[in-house]
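Worksheet: one structure, shown below.
The values are calculated or read from the model by the stated rules, or taken from the named source; none is laboratory data. Just so it is clear, the structure is predicted and the values come from calculations on it, not from any experiment. We place every Cβ from the backbone using ideal geometry, glycine too, and count neighbours over all the protein chains shown. Side chains are part of the model used for accessible areas, which takes the heavy atoms of the whole protein and leaves out ligands, DNA and RNA. Shrake-Rupley method; radii C 1.70, N 1.55, O 1.52, S 1.80 Å.
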Amino acid sequence: MDKHEKQEIIDKVTTLLKEIPSSMDVVKEGGNRDRRFRYLATHMVEKAIQKDALIISENRKGIAILFKTSKKDNNIWKDLWTQLALVINVTGIKNAYRIIKTQDYIKKQRPQNSEYLYCWFWGILKDSRGADTQVGKEMKDEFYRRAKKYNLPLYAETRMKKNALVYQRFGFKLFHEWAHPSGDTMYFLRYDPPKKDQ
């Protein structure tokens, strides 16, 4: 991916983050909030490229980050400098403790002793949205292709009910609902690939 292409993806992720309740909570209020969203988007895209987790639709209007991971990958010391940079440039110190507590609860809903796929981010630009659009279908097919390839369950969560319904229409099962500290309901979803012999 060249520099121009990467910048285009970062621009789109920045736009999409501004619509997502979880990122609205994470990014500190106040002056220069746009710069904070951009810093977060840059961090996410760079991490996705590094881990081969970036999925981009053919028309470049759908972007997802799908990690193959496990609990042992969540090592706080391994990413300490990155985490500190995010606190300074995105969340602010006041938000950090609340975010850590919330993330701890969310991570406990995922497998504790095995590998899984995790949809860290999935966004489609406004003019290409809808459960029946080509972009949504194309990205869903790529998620399922990877789940089948690795023979791993796929996990996602959202605080937007309409997104939870889209996931379910795509074959995910809702396995948990949580009264998020923000006052929203958080929906936890899982997709199991077909068994190998099917």
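Taking the listed residues I99, I106, I124, the one that is open to solvent by less than 70 Å² (accessible area, probe 1.4 Å), more than 16 Å from L189 (Cα to Cα) and within 14 Å of the chain's Cα centre (by Cα) is I124, with no other qualifying. Annotation note: Cβ proximity below 9 Å between a residue of the stretch 138-159 that is at positive phi and a residue that is surrounded by fewer than 19 Cβ atoms within 10 Å (Cβ to Cβ) (sequence gap 6+ or interchain) occurs for N151/K195; N151/K196.
For the stretch 18-33, a residue qualifies if it is in contact (Cβ under 8 Å) with a residue 12 or more places away in the chain and among the acidic types (D, E), and the qualifying residues are E19, D25. From the list L174, L189, L117, the one residue that fits, being open to solvent by 50 Å² or more (accessible area, probe 1.4 Å) and either at pLDDT below 90 or in a strand (DSSP E or B) (or both), is L174. Residues in the stretch 59-76 that are in a loop (DSSP other than H, G, I, E, B) and either at pLDDT 85 or above or within 19 Å of L125 (Cα to Cα) (or both) were compared, and the one that is farthest from the chain's Cα centre (by Cα) is N59.
Each row is one residue, and each column tells you yes or no for (1) in contact with a helix residue (DSSP H, G or I) (Cβ under 9 Å, 6 or more places away or on another chain); (2) modelled with pLDDT under 80; (3) outside any helix (DSSP H, G or I).
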{"residue": "K78", "(1), (2), (3)": "no, yes, yes"}
{"residue": "V87", "(1), (2), (3)": "yes, yes, no"}
{"residue": "Q109", "(1), (2), (3)": "no, no, yes"}
{"residue": "W122", "(1), (2), (3)": "yes, no, yes"}
{"residue": "G136", "(1), (2), (3)": "yes, no, no"}
{"residue": "E142", "(1), (2), (3)": "no, no, no"}
{"residue": "K149", "(1), (2), (3)": "no, no, no"}
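Output the residue which, of all residues in the stretch 2-32 that are in contact with a strand residue (DSSP E or B) (Cβ under 8 Å, 6 or more places away or on another chain) and part of a loop (DSSP other than H, G, I, E, B), is nearest to A179 (Cα to Cα). The extreme case among them is I20. Among residues of the stretch 165-181 that are under 21 Å from D25 (Cα atoms) and basic (K, R), none has a beta-carbon under 9 Å from a residue that is open to solvent by less than 90 Å² (accessible area, probe 1.4 Å) and at pLDDT 90 or above at least six positions away or on a different chain. Checking the structure you have, find out if any residue of the stretch 154-161 is of a type in the set (V, I, T) and open to solvent by 30 Å² or more (accessible area, probe 1.4 Å). For the stretch 154-161, residues of a type in the set (V, I, T) and open to solvent by 30 Å² or more (accessible area, probe 1.4 Å): absent. For the stretch 19-58, the candidate set comprises residues that are within 15 Å of I124 (Cβ to Cβ) and loosely packed, with under 14 Cβ neighbours inside 10 Å; within that set, the residue that is modelled with the lowest pLDDT is E19.
Examine the stretch 156-170 for a residue that is among the hydroxyl-bearing types (S, T, Y), assigned to a helix (DSSP H, G or I) and within 28 Å of Q103 (Cβ to Cβ), and state whether such a residue exists. Yes: the stretch 156-170 contains one or more residues that are among the hydroxyl-bearing types (S, T, Y), assigned to a helix (DSSP H, G or I) and within 28 Å of Q103 (Cβ to Cβ).
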